[in-house]
Every structure is written in structure tokens, then in C-alpha cells.
Amino acid sequence: MNAQIFEKVRGIAADVLQVAPASLTAESSPQTIETWDSVMHLNLVLALEEQFGFQLEPEEMEEMKNIGAIAALVERKNGA
């Protein structure tokens with residue numbers, strides 16, 4: 001996993017979910033973060049799309065199970 005992309009994704013997720021970036025790990029998920037509900041998930045999708053300049057498909061949104069999976073998805077979409 002690209003550390004630079006992970007850090008960027010973690011920062012975006014921390015802003016959207018209103019938690020400290022340091023509290024987020026690759027395993028952080030809706031089950032471990034109280035503020036991560038379906039509305040916040042959509043806000044996270046929109047923030048990622050805006051920041052990285054791509055559109056996510058519904059199947060890709062389903063893949064976003066934790067921060068590590070999101071970083072891997074972003075890396076794949078960016079062709080990094």
C-alpha cells in the first residue's frame with residue numbers, strides 16, 4: 001500500500017468522520033468508528049471523489065469496508 005495515499009485517505013476520513021487522524025488505522029471501519037454511518041460513508045465517497053478527481057462506482061463504494069481498503073481502492077483508481 002502506498003504510504004502517501006494512505007496518509008491522504010486517512011486525513012480525508014478523519015475530517016469527514018470528525019476523529020483524530022492518529023486514531024485511524026488501516027483496520028478502522030464503521031464497526032470501530034462511532035461516527036461512521038451510511039450518511040458519513042456517502043460524505044467520505046464525495047470527499048474522495050473531489051480530492052482525487054475520479055468517480056466511484058456503486059460496487060467500489062461497497063468495497064470501502066475499512067481505511068486500508070479505501071486506500072487500496074484509491075491507489076487502484078489512480079493507477080499508482
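On the principal axes of its alpha-carbon atoms, the chain has extents of 31, 25, 18 Å, going from largest to smallest.
Annotation note: GluC sites (Glu not before Pro) in the chain located in DSSP loop regions with a Cβ neighbour count of at most 15 within 10 Å are Glu27, Glu34. Whole-Hz Karplus values for segment 41-48 come out as 4, 5, 4, 5, 4, 4, 5, 5 Hz, taken residue by residue from phi with 6.51 cos²θ - 1.76 cosθ + 1.60 and θ = phi - 60°; glycine and proline positions read x. Computed about its Cα centre, the charge dipole of the chain is approximately 260 debye, with only Lys, Arg, Asp and Glu carrying charge at their Cβ.
Cβ crowding within 10 Å, taken as a proxy for footprinting-reagent exposure, orders Arg10, Arg76 from fewest neighbours to most as Arg76, Arg10. The sum of -39500 (n - 2.57) across all DSSP H runs of n ≥ 4, divided by the residue count of the chain, sets its helix-only mean residue ellipticity at 222 nm to -18500 deg cm²/dmol.
Each value in this text was obtained by applying a stated rule to the coordinates, not by laboratory testing. Not measured: the values here are computed from a predicted model. Note that we place each Cβ from the backbone using ideal geometry, even for glycine, and neighbour counts take in every protein chain shown.
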